[in-house]
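Take a look at the structure set out below.
The values are calculated or read from the model by the stated rules, or taken from the named source; none is laboratory data. Predicted model, so just to flag it, every value in this text is computed and none were measured. Ligands, DNA and RNA are excluded from the accessible area calculation, which covers all protein heavy atoms including side chains. Shrake-Rupley method; radii C 1.70, N 1.55, O 1.52, S 1.80 Å.
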Amino acid sequence: MRSYLLLLAIGLLWGSQFIFMHQAVTELPPILVAAGRALCGTITLGLLCWFLKLRSEHTPWRTYMLIALLDATIPFIMVAWGQQYVDSAIAAVVMGCIPFVTILMAPMLISGERITKGGLLSVLLGFVGVVVLFWPKLSQGMNAGLLGSLAILFGASCFAIGLLMIKRFAKDHPVVVARNILLSSAVQLLLAAPFVTDLASLAMPSEKTVGAVVTLGIFCTGLVYYLYMALIQKAGPTFASFSNYLVPLFGVLLGALFLGEQVQQTTGVALALILGSVAMNQWAQQRRARQESLCQAS
């Protein structure tokens, strides 16, 4: 039950980011929004580490820099670039490939992990749920934009590999892991910003935009990354990756509630499929654990 609650909280927080992102990108380029939220998230988790008296002890910074590059920096840049040419519905479906990549790459990076029929079926069911969620828009025959879709897919694949590297290499407390990843990503994004955008031509953002970036950093980056690290350590990267099926669902529902966007009739069906995929994955993991216990007992 704790794993399910963490999963729902992550989906809700990451799903709500679209409301604040909508305001932030109207005045700031995507890479500065990403850098700002990573920096605010780092400060939030840094204060929490100071309060709890936590520090890095087991994982070198070069490992955090590599994980941050895959888990945050490249996805931030690739998804932001790809969404210039791809509709949000297409982007959400492509991002739904993260659990596929996670479950396929897990045996290569994590000892003891293997691909099971139940795991593959649960991932497929969740992906179908995402497609059903956005089917009214997808069926209108929009231009997907090949390069944009490939950029988003590349970013999603890097994110999935980063998840697995966290499970294998990051041995610190979840709060420390999340802080160090966001700090590394903030440094990388700030260094890359002058090469991808003209900083001299930018105007001073409004208080509303600054507030949106700060909110993104505290709640939709700092807090959610801590919950994500905790879920990975508790239930594994494959189960944690299912939050990527809940994010677009919560994004649609919150968009309808706060931005007046229309909710399609397929939303209820998508919700049932997505939650069913999470339940199937958890059932498959529990069944595998029972079988391994029986084998060890015999």
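Odds and ends about this structure:
- Heavy-atom accessible surface of R288, to the nearest 10 Å², is about 50 Å², with a 1.4 Å probe and all protein chains retained.
- Cα point-scatterer Debye curve for segment 214-257, base-10 log of I(q)/I(0) at q = 0.28 Å⁻¹: -0.99
- Probe 1.4 Å - accessible area at K171, Å² to nearest ten: 120 Å²
- Pairs from K117/K167; K167/K208; K117/K234 whose Cα-Cα separation, in the structure shown, is over 28 Å: K167/K208
- Residue by residue, segment 226-240 carries 3J(HN,Hα) couplings of 4, 4, 5, 4, 5, 5, 4, 5, 8, 10, x, x, 5, 4, 5 Hz when phi is fed to the Karplus relation 6.51 cos²θ - 1.76 cosθ + 1.60 (θ = phi - 60°); x denotes Gly or Pro.
- Full-stretch length increase - V196, W50 - with 0.36 nm per residue and alpha-carbon distance subtracted: 49.1 nm
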